[in-house]
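Peer 1: Next up is a structure, given as structure tokens.
The values are calculated or read from the model by the stated rules, or taken from the named source; none is laboratory data. Quantities reported herein were computed from a predicted structural model and do not represent experimental measurements. Using ideal geometry, Cβ is built from the backbone for each residue, glycine included, and neighbour counts are taken over all protein chains shown.
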């Protein structure tokens, strides 16, 4: 989970800039240089870190879902400014991330641990 947190922390700023870009308040190059590019680097770094993390059982399944989510997110960011390709990949990344985080929350629930913060679910 720790290796996924930078992606969640950077998400709000990215989404706000994405809205500004879609509304025409940011140019393509400004959005790419200041927001999409840096966010993509966070995503790529998280993929590398997650892949190295040891996992077994249900945790392994959650890890696979999160890696798949991040690879889809990386593909979405690479597809900018082609919005149809972006949206397909982005939506896939959201669904996979939610599935992975749900698996982790289920594990924590069974162990009677505290819940994951809601903002960790991107």
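Peer 1: Would it be correct to say that residue 11 is assigned to a helix (DSSP H, G or I), within 18 Å of the chain's Cα centre (by Cα) and closer than 17 Å to residue 75 by Cβ? Walk me through how you get there before you give the answer.
Peer 2: Values: assigned to a helix (DSSP H, G or I): yes; within 18 Å of the chain's Cα centre (by Cα): yes; closer than 17 Å to residue 75 by Cβ: yes.
Here the answer is yes, as residue 11 does meet what is asked.
Peer 1: Show the residue pairs that are 6+ apart or on different chains and have beta-carbon atoms under 6 Å apart, the first residue being within segment 106-120 and on the phi < 0 side of the Ramachandran plot and modelled with pLDDT of 70 or more, the second being surrounded by 10 or more Cβ atoms within 10 Å (Cβ to Cβ) and part of a helix (DSSP H, G or I).
Peer 2: Pairs found: 107/58.
Peer 1: Restrict the check to segment 14-31 and report whether at least one residue is modelled with pLDDT under 90, over 16 Å from the mean Cα position of the chain (by Cα) and not in a helix (DSSP H, G or I).
Peer 2: Looking through segment 14-31, none of the residues is modelled with pLDDT under 90, over 16 Å from the mean Cα position of the chain (by Cα) and not in a helix (DSSP H, G or I).
Peer 1: Going by the conditions given, is residue 98 surrounded by 13 or more Cβ atoms within 10 Å (Cβ to Cβ), touching a helix residue (DSSP H, G or I) at 6+ places or on another chain (Cβ under 6 Å) and under 17 Å from residue 12 (Cβ atoms)? Spell out how you get there, then give the answer.
Peer 2: On the way: surrounded by 13 or more Cβ atoms within 10 Å (Cβ to Cβ): yes; touching a helix residue (DSSP H, G or I) at 6+ places or on another chain (Cβ under 6 Å): no; under 17 Å from residue 12 (Cβ atoms): yes.
Criteria not met by residue 98.
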